[in-house]
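Just so it is clear, none of the values below were taken in a lab; they were calculated from the coordinates. All of these numbers come straight from a predicted model, not from anything done at the bench. All Cβ positions, glycine included, derive from the backbone under ideal geometry; neighbour counts span all protein chains shown.
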Amino acid sequence: MTGRVILIDRLPGGQQAAALMVDGRLEDLLIDPPQGDATPVPGEIYRARVDRLVPKQGAAFVRMGEAMGYLREAKGRREGDRLLVQVTGYAEPDKAVPVTARPLYKGRYAIHTPHAPGINLSRQIKDAEERARLLAVAEQALADQGADPETGLILRSAAAQSAPTALSAEVKALLADRDRVEVAEGDGPVYTATARQEALREWDAVPSEAAASFETQGVWDEIDRLRSPRAALRSGGWLSVEATAALVAVDVNTGGGFQSGDALTANLEAAREIPRQLRLRGLGGIVVIDWAPLPKRDRKRIQDTLKTALRRDPVETTIAGWTPLGLLELTRKRERRPLAQLLD
């Protein structure tokens with residue numbers, strides 16, 4: 001299969017999953033939580049209650065149904081206050097989930113920002129005429145809904161060349177989502193997105209929802225391989241990707257090659273592959289990479305290759321630098337739940 005294709009299927013446990021295939025290779029994977037699992041998911045919005053203030057940090061712990069959230073900006077809040085919060089990432093076991101009191105409503109073409117007024121356009125949209133066209137469409141869409149002209153909207157890069165009817169319909173849907181959430185009650189999430197919805201919103205690809213699509217395209221085989229910490233490299237080397245309580249350890253091996261240049265070849269291939277492996281495995285936090293033996297003169301080339309690969313990765317990742325032992329440290333946002341937990 002060539003091109004970019006979104007496949008939708010269900011796991012044996014019943015939860016829905018979405019896979020992004022690019023020229024027959026698995027590039028991304030999203031899986032809904034197991035049925036009955038109440039773990040808060042990034043993007044979900046809860047009606048929460050301030051449980052305990054942390055004055056020295058200007059923060060608060062908030063109760064979200066069965067879970068506890070940690071709100072960094074809690075100035076002016078009081079214990080017992082009710083408020084809407086949105087989950088911004090996963091937390092380590094037994095720790096509060098990071099949340100914000102400034103929820104966003106994401107669509108494919110636009111993001112509604114109730115707490116940030118005005119219409120802003122993605123910097124990736126360069127053409128002045130296209131920017132003016134999109135601004136006019138967005139303003140008209142808000143007017144058609146009777147919304148304040150200063151209603152907060154961000155027009156995403158995907159909005160470029162979009163049909164006015166499609167953009168207008170999405171703006172209407174996002175405003176309706178906000179209105180519904182603001183009056184919703186309950187202990188569980190009042191706003192959430194499934195793996196399928198997130199895939200169609202975030203991935204620029206053609207959807208294919210044929211029966212057993214994971215089976216026919218080899219996705220199940222790839223998932224089985226992700227159960228192992230070892231990931232093969234085309235050069236004959238391999239990676240070992242293991243999550244511990246403190247960090248994610250990545251070890252690069254040449255696979256037995258001892259010729260001049262084997263280590264550099266393996267390291268360059270690993271630098272291109274590591275973001276994909278972290279993405280598919282849903283791993284974040286501190287990441288430490290132990291490369292195959294390399295002289296200091298090759299460090300910049302390795303780091304630049306990794307940086308290029310990370311630009312295509314949707315999960316925010318920062319290269320922290322090299323340690324005295326020649327390890328490279330990264331910090332990666334915990335936007336996804338580890339795949340191992342979703343497959344248990």
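A few notes on this one:
- Scattering profile of the stretch 214-285 at q = 0.11, 0.23, 0.28 Å⁻¹ [log10 I(q)/I(0), Debye over alpha-carbon scatterers]: -0.30, -1.03, -1.25
- Local net charge near TRP220, Cβ-Cβ under 14 Å (Lys/Arg +1, Asp/Glu -1): -2
- Amide proton proximity set for ASN120, modelled H, under 5 Å, gap of 5+: LEU153, ILE154, LEU155
- Each peptide in 239-245, 276-282, 155-161 receives the mean, over its residues, of other Cβ atoms within 10 Å, and ordering these scores from highest gives 276-282, 155-161, 239-245.
- The chain - share of DSSP beta bridges that are antiparallel (%, nearest 5): 80
- Principal-axis tilt of helix 299-311 within the chain, Cα atoms, nearest 10 degrees: 40
- C-alpha long axis of helix 128-144 to longest principal axis of the chain, angle in °: 40
- By the rule of a C-alpha distance below 22 Å, with chain neighbours fewer than 8 residues away ignored, the lysines paired with LYS172 are LYS106.
- Cα extents for the chain along the principal axes, largest to smallest and rounded to whole angstrom: 69, 49, 43.
- Local net charge near SER168, Cβ-Cβ under 12 Å (Lys/Arg +1, Asp/Glu -1): -2
- The residues neighbouring GLN16, those whose beta-carbon lies less than 9 Å from its own, together hold a net charge of 0 under the Lys/Arg +1, Asp/Glu -1 convention.
- Spatial separation of Cα centroids for the stretch 273-296 and the stretch 20-58, in angstrom: 22
- Across the cross-link table entries LYS300/LYS333; LYS75/LYS307; LYS75/LYS95; LYS307/LYS333, which are compared at the Cα atoms, the separations over 27 Å belong to LYS75/LYS307.
- Within the listed set ALA246, ALA110, ALA270, the residue fluctuating most in the Gaussian network model of the chain (springs between alpha-carbon atoms under 10 angstrom) is ALA246.
- Against the chain, whose longest principal axis is taken from its Cα atoms, helix 164-183 shows a tilt of about 70°.
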